[in-house]
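Take a look at the structure below.
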Amino acid sequence: MSSKNGKKDQTRRAFFSDVTASGALAALAMAQMVSSPAQAQEAKKPQNNLRMPTNIPPWPKGTTGNKYSHLFCTRLKEKPLTDTILTPTISFRGASDLPGAGINMGFRYYVKPYKMELQSHHHDVDEYLFFLGGQLPDLTANFDAEIEIFLGPEYERHIITKPCILFIPKGFEHNPMDIKRVGKPLLFMPLHLAPYFNGVYQTGYMQFIGNEKID
């Protein structure tokens, strides 16, 4: 009888041990399932501050040489395409100025009214148009101009009378554009996300690769 009772006790202990272990594992799994999303969310939470970190590495001593000199574009000045723009024009012509570059942009200071674009067109990349005042230090406080621009295939008309950035998604029809009034110098800066400026216009495909630089 004692032998049988001993085996029963061992079996019961093994059973409860297994149940306890299984329960512990299940509880651990549940805890991970519950906490993991929160932890992942916490890990992905964006840091929205620019405070100086405390663990900054030491300032590098650096090396000398010209291995990376080809990454600098130092010739930016160009003759303006029209007398409505203050000279010189500052332009970065993308891959024609720096082989391998993927954007092109320009800085245009308009001092007179000017119909900049006469026909609608679209690009195969995104574009951003910056309309700012042309006087430092605040390029927003001294904006004094009126620009008419048409957007979309239905030519929705907009009048720009304050500093802004206009997003032109790829494939989106835009223009004509008319700088109708310039009370103070206007800084217009197009940023085109392609190696060269190009677009599909009503009269056909156009591409502007580069312009003569001046020193």
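All of the numbers you see were taken from the coordinates with simple rules; none came from a lab. Here the structure is a predicted model, which is why all the values come from computation and not from measurement.
Translational diffusion coefficient, Stokes-Einstein: compute it for the stretch 73-215 using the Kirkwood radius over C-alpha pairs as Rh, at 10 °C and 1.306 mPa s, and state it as an integer in µm² s⁻¹.
Details: Rh = 15.6 Å.
The calculation lands on 102 µm²/s.
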Rg/Rh of the stretch 153-215 (Cα atoms, Kirkwood Rh), to two decimals, equals 0.98
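Could you calculate, for the stretch 78-119, the ratio of the Cα radius of gyration to the Kirkwood radius, expressed as Rg to Rh?
On the way: Rg = 12.2 Å, Rh = 11.6 Å.
My calculation puts Rg/Rh at 1.06.
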A correct Karplus calculation of ³J(HN,Hα) over the stretch 57-69, with 6.51 cos²θ - 1.76 cosθ + 1.60, θ = phi - 60°, whole Hz and x for Gly and Pro, returns x, x, 5, x, 6, x, 10, 10, x, 10, 4, 10, 4
